[in-house]
Structures are given as C-alpha cells and as structure tokens.
Amino acid sequence: MKKLMYLAVLVLVCGLTSFLFGGENSVRGHRMLVAGCSTDKIAMIGSDGKLEWSVPIVGEVNDACLVGQDKLLYSCSKGARMIDRDGHVLWEHKESDAPAGGQIHSVQMLDNGNILIAKSCIPPAILEIAPDGKIMKSITVHTKIKNQHGMFRQVRKTPQNTYLYGLVSGKGESNKLYEVNEKGEIVKTFPVALHAFAGVRLPNGNTLIAGGDGHEIVEYNAEGNVVWKVCRDDLPGRSLAFVAGLQRLPNGNTVFTNWHGHEPNKEQPQVLEISPDKKVVWEYKDFTNLSYLSSIEILDKDVLQAGTPLR
C-alpha cells in the first residue's frame with residue numbers, strides 16, 4: 001500500500017512539473033532572465049523552472065538583460081541602469097536627463113560596449129550612450145503622438161546599423177514596426193494588427209515582431225512578405241495575450257512572454273515556446289514567485305554557443 005501511495009504521489013508531482021515547466025513535447029526548460037511590468041524583481045530561472053536568484057526592482061521593467069556573468073542592464077520607466085547582483089548602481093541614465101515626463105522602456109547592450117536606450121519624450125529619441133555617459137548618437141523619431149507612455153517599448157539596433165521600433169498608441173502610426181537609419185529616415189515599415197512591442201532582426205535577414213495587444217507574432221522576410229504568423233487562438237488550449245519580449249532559438253522555435261496585465265488570467269502561461277508548425281513545446285508558469293512578464297533573455301549554453309543574438 002505504501003508503495004502504491006508513493007507511486008501515486010510521484011506521478012502527481014511529475015505531472016504538475018510537466019504542466020508548469022513543459023508542454024506536450026518538452027524535454028527540458030530554459031535558463032532565462034525575466035522581468036516585467038508589474039513584476040517587482042528581475043529573476044534568473046533555471047532550466048528546471050526553479051528560481052535561482054532575483055534582484056528587487058522598483059519601476060516598470062519592460063527590458064532587461066544579463067551583462068557578463070553578474071551585471072544586470074534594465075529599463076525602469078524612470079531611467080535605465082546597470083547594477084550588480086547586490087543592487088549597486090554601476091551605470092545610470094535618469095529620466096531627469098530627458099524632458100520632464102519622459103519614460104524609458106528600452107535598453108540594449110551593443111557589441112561595442114555602448115548602450116542603446118529609447119526615450120519616450122517630446123520629441124522621442126533613440127540614443128547610443130558610451131559607458132562614461134557621453135551620447136555617441138542621437139536619432140530623433142518623428143511622430144504626432146503626445147502621450148509619452150504610448151511611444152516606445154523594446155527598440156533594437158540591427159546588424160545593418162538600422163533601428164527597429166514600434167509605437168504603442170497613435171491612430172495611423174502604431175499599426176506598424178518602423179525601421180530607420182542613423183538619420184532617423186524611415187527605410188522600411190512592417191504592418192501589424194495593432195502595435196509592435198518589439199522587433200528583432202534574425203540572422204537570416206527576416207524580421208520577427210511581437211504584436212502586443214494585437215495578440216500576434218509576425219515574421220517578415222527581407223522582401224517584406226509575411227512568412228510566418230501566429231494569431232491569438234492558433235495554439236490549442238493557450239491564448240496569446242499581450243505578446244511582449246521574444247527570442248528565436250537556434251532550433252527555429254520561438255520563445256515569447258505572454259503578458260496578461262490588460263487581461264488578468266493566471267490560468268495561462270507566462271512564457272511559451274512554440275515550433276514553426278505552431279506546436280507548444282514548452283511553457284512556464286509560476287505566479288507564486290513572479291507576476292506578469294514582458295522581458296525575457298534565454299541563456300541556455302547551446303543558444304550562447306550558437307552565437308544567436310540574445311534579443
């Protein structure tokens with residue numbers, strides 16, 4: 001009888017673990033750095049789904065990444081910072097360095113050691129800043145939007161030295177991802193249903209877009225044609241909420257955060273990995289330790305060794 005009870009408990013635990021950390025075809029999870037608007041910490045999650053460590057954060061963190069082994073670079077609405085694991089500030093760009101009322105929701109570590117940030121202010125601007133604080137580049141973005149919270153989220157520089165950004169409000173302006181050159185001139189746009197939280201240039205030249213409250217992921221090729229798209233109800237048993245931070249893995253799968261801040265639902269996973277044929281191969285859900293997530297960086301060894309752009 002004791003053996004039967006033990007086996008029953010074991011099956012229950014294994015089933016629960018699979019539900020929390022893996023989909024039908026999952027064999028393991030991912031080591032990942034996560035954060036989010038409404039989550040009060042930046043957290044490192046192990047491939048077993050367990051919380052390895054976290055750093056408490058104040059502010060709306062929509063963008064965060066690991067620098068080296070133990071430094072964190074993140075945006076916090078009122079600025080952008082690099083800190084160590086003990087919370088000591090190593091680098092900072094404050095909101096007060098921008099016009100009053102401005103917001104910062106995007107930060108990217110560049111290969112040359114400079115830091116890219118996007119300021120939602122009037123006029124909005126994309127800046128490349130040296131470690132000593134010197135502004136190396138400033139690209140003004142032209143928009144009629146006056147609501148600063150409705151401007152940038154994650155902005156990314158491409159290998160082609162262009163910049164990908166979306167605007168999260170503004171009739172006639174928000175329903176596309178923009179690509180601009182260093183002069184701020186629009187070189188290409190990619191239509192989306194509602195707005196673009198993030199756009200990532202893939203190694204093959206395609207552009208992958210997180211569609212925010214448009215509840216979609218869209219991939220365009222270099223010719224500007226849609227080659228892959230996932231809509232709100234394409235995944236059986238799961239629903240795309242606000243699609244935020246995302247990353248394409250070397251195996252062709254896509255990992256993305258499923259932020260439910262506008263539609264609270266703790267029954268749905270916070271992170272999903274899906275295959276090119278739109279099958280869920282892994283998912284993550286842990287509302288005990290974390291709230292809704294909008295930023296993710298996969299840090300698996302094979303991802304890092306493949307040299308795949310992290311974000």
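The values are calculated or read from the model by the stated rules, or taken from the named source; none is laboratory data. Keep in mind that what you see is a predicted model, and the values were worked out from it rather than measured. Because the Cβ atoms are built from the backbone with ideal geometry, glycine has one as well, and the counts that use them run over all protein chains shown. We work out accessible area using only protein heavy atoms, side chains counted, and drop any ligands, DNA or RNA first. Shrake-Rupley method; radii C 1.70, N 1.55, O 1.52, S 1.80 Å.
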Give the angle, between 0 and 90 degrees and rounded to the nearest 10, that separates the Cα long axis of helix 2-21 from the longest principal axis of the Cα atoms of the chain. 20
Ignoring everything except DSSP H segments at least 4 long, calculate the 222 nm mean residue ellipticity for the chain; use -39,500 (n - 2.57) per segment, divide by total residues, nearest 500. -2500 deg cm²/dmol
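For a quick check of your reading of the filter: which trypsin sites (Lys or Arg not before Pro) in the range 144-242 sit in a DSSP loop and have no more than 13 other Cβ atoms within 10 Å?
Details: sites: K144, K146, R153, R156, K157, K171, K176, K183, K188, R201, K229, R232, R238; in loops: K144, K146, R153, K171, K183, R232, R238.
Passing both the DSSP loop test and the Cβ count: K144, K146, K171, K183.
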Interchain or long-range residues, amide H under 5 Å from V67's placed H: L72, L73
Work out from phi, with θ = phi - 60° and the Karplus expression 6.51 cos²θ - 1.76 cosθ + 1.60, the ³J(HN,Hα) of each residue of the range 225-235, listed in order in whole Hz, and give x for Gly and Pro. 9, 6, 10, 7, 8, 10, 9, 3, 10, 7, 9
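Starting from 0.36 nm per residue, how many nanometres of slack lie between D40 and L304 once their C-alpha separation is accounted for? Walk me through the intermediate numbers first.
Values: separation 264, 0.36 × 264 = 95.04 nm, distance 2.70 nm.
The span from D40 to L304 would gain 92.3 nm if fully extended.
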Ratio of the Cα radius of gyration of the range 49-180 to 2.2 N^0.38 Å, where N counts its residues: 1.05
Among K279/K301; K78/K229; K71/K144; K78/K144; K134/K229, which pairs are too far apart, with a Cα-Cα distance over 30 Å? K78/K229; K71/K144; K134/K229
What are the equivalent ellipsoid semi-axes of the chain, built from the alpha-carbon gyration tensor (square roots of five times its eigenvalues), in whole angstrom, biggest first? 33, 22, 17
Please list, in chain and number order, the residues 5+ apart from I42 or on another chain whose amide H is under 5 Å from its amide H, with Hs placed from the backbone. V55, I57
Log10 I(q)/I(0) at q = 0.15 Å⁻¹ for the range 173-311, from Debye over equal alpha-carbon scatterers, is -0.73
Could you work out the relative contact order of the range 109-212, using alpha carbon pairs under 8 angstrom and six or more residues apart, expressed as a whole percent? 18
So what are the ³J(HN,Hα) numbers for the range 138-147, from phi and the Karplus equation (6.51, -1.76, 1.60; θ = phi - 60°), rounded to whole Hz, Gly and Pro as x? 9, 10, 7, 9, 9, 8, 8, 5, 10, 6
Note down the relative contact order for the chain as a percent, whole number, built from C-alpha pairs under 8 angstrom at least six residues apart. 15
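Where does each of H93, H88 land when they are ordered by accessible area, with a 1.4 Å probe and the largest first?
Listed by decreasing accessible area, they come as H88, H93.
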Under the rule of at least 5 residues apart or a separate chain, name every residue whose amide H is placed under 5 Å from the amide H of S106. A118
